[in-house]
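Input: a single structure, listed below in structure tokens.
The values are calculated or read from the model by the stated rules, or taken from the named source; none is laboratory data. Computed from a prediction, not measured in an experiment: that's the story for all the values here. Note that each Cβ is placed from the backbone with ideal geometry, even for glycine, and that neighbours are counted across all protein chains shown. Heavy atoms of the whole protein, side chains included, go into the accessibility calculation; ligands, DNA and RNA do not. Shrake-Rupley method; radii C 1.70, N 1.55, O 1.52, S 1.80 Å.
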Amino acid sequence: MAPRIRTAFVLGAGLGTRLRPLTDLVPKPLLPIFGKPIITFVLDHLIAYGVERFVVNTHHLPDQINELFDAKTDKQDLVPTGSYRGREVRILYEPALLETGGGIRNAVPLLGDKPFLVYSGDLLTDLDLDQLVGPHFSSGRAVTLALRTTGLSTDVSFDARAGMVVDVRQMLKSGIPGAFDFANISVWDPTAIAQIPANKKTSFIPVLVDWISRSCQVGGAVVEEGQWFNIGKRAEYLRIHRAIACEGWRPIYSADPDWPARIDPSAKVSPDAEISEDSWVGANSLIESAAKLRNAIAWPNSIIRTGATLTHCIVAGREVQQGVFDEHDFV
């Protein structure tokens, strides 16, 4: 059995530009899925695997992430520290966005001297982390990427016999065609961080491609089992609610017995309003008579007036008057 990894670096600093204007209101990792912030699924997954401490980087609307984890600073340590389900959460604010590689390098003082997991803070998946961590330790490589067939990209060229990533986006002309997508979870040894330039905004992908070009080995592990949702666009945000409500998917690591709930207890919903199973009504919202929500999301403090019909819509705490609206109208 592979050793357990106890520390994880969760990427929470992205801007989420493709989800604007939603992400003008909340950072992308805090988008609610039936009311539960995405990043809490990430931490639940890692806790179920055995992670005991977290480092989360922030940039956009950082105070909201601090508040979620009740993170505070003290006189001895300027890095805010909070907690989630009894585990330590350190919050590392980036005044200038450093991207994935720069973010990892910036977090070095907080990550310790043992291997750590890197996990995207806007990812919702129940893939088996042992299928990534096991090959990492058995291969002895300094970095191992989780790979998957996602339908979104086939950028990663993988030599299955050697268990190695040999190219990304054909930057190295390896001759092995791309067949997999990077699943946004990886394992890093501290020795690998030295490959990332300090104090520089950079993705870690070109860093790893350069490493491969110098005959250094980057491992890969194909993990096809389980569900995987990369919530990058509004349609994907709505689709995950359909998958949960209509296909009965639940991440097995979910720690909240009351999740998912279609209607927050503090919301006021008229008895003759129609709320589909794949819709959600957030806290302190008002849904008036004859309103219809069909795969529609009403964030907290939303007001849907009498007779309004919303299909594939997201209402971000605003008031919607009577009318028929679809995904092209507003959020």
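With Rg and Dmax of the Cα atoms in Å defined as stated, name the option among (1) 19.8, 62; (2) 18.1, 61; (3) 21.0, 66 computed from the structure displayed. Answer by label: (3).
Taking 7 Å along the Cα-to-C-beta vector as the label spot, tell me the residue 215-residue 284 distance in nanometres, rounded to one decimal. Output for this residue pair reads 6.3 nm.
Note on region 251-331: Kirkwood hydrodynamic radius from all Cα pairs is 12.5 Å, rounded to one decimal.
Magnitude of the charge dipole for region 194-259, about its Cα centre and with charges confined to Cβ atoms of Lys, Arg (+1) and Asp, Glu (-1), is about 420 debye.
Placing unit charges on each Cβ (+1 for Lys and Arg, -1 for Asp and Glu) gives the chain a dipole about its Cα centre, and among 297, 237, 276 the Cα reaching farthest toward its positive end belongs to 237. Under 5 Å between amide hydrogens, built in the peptide plane, is the criterion, and for residue 168 it picks out 157 among residues at least 5 positions away or on other chains.
Taking amide H as placed 1.01 Å from N in the peptide plane, the amide H of residue 274 sits under 5 Å from that of 291, 292, 293, each at least 5 places away or on another chain. Taking every alpha-carbon pair within region 119-219, the share separated by more than 22 Å comes to 26 percent. Extension gain for the segment residue 203 to residue 138, taken as residue separation times 0.36 nm less the Cα-Cα distance, is 20.8 nm to one decimal. For region 175-253, what is the Kirkwood estimate of the hydrodynamic radius, computed as the reciprocal of the mean inverse distance between distinct Cα atoms, to one decimal in Å? For region 175-253, the Kirkwood estimate is 16.0 Å. Considering only DSSP beta bridges with both partners in the chain, what is the antiparallel share in %, to the nearest 5? Of those bridges, close to 40 percent are antiparallel. Computed about the Cα centre, the dipole magnitude for the chain is approximately 680 debye when only Lys and Arg (+1) and Asp and Glu (-1) carry charge, each at its Cβ. Packing-based ranking of 280-287, 163-170, 146-153, 82-89 yields 280-287, 163-170, 146-153, 82-89, ordered from highest to lowest mean Cβ neighbour count within 10 Å. Taking a point 7 Å from the Cα of residue 83 along the Cα-to-Cβ direction, none of the residues of region 251-273 has its backbone N closer than 13 Å to it. Annotation: amide H of residue 269 within the under-5 Å range of 287, sequence separation 5 or more or interchain, hydrogens built in the peptide plane.
Where is the GNM fluctuation largest for the chain (alpha-carbon springs, 10 angstrom cutoff): 177, 271, 206? Of 177, 271, 206, the most mobile in the Gaussian network model is 271.
Overall, the accessible surface of region 152-310 at a probe of 1.4 angstrom is composed of carbon and sulfur to the extent of 50 percent.
In this structure the chain gives 44 Å² per residue of accessible area when probed at 1.4 Å with all protein chains present. Modelled label positions at residue 227 and residue 96, each set 7 Å beyond Cα in the direction of Cβ, lie 4.1 nm from each other.
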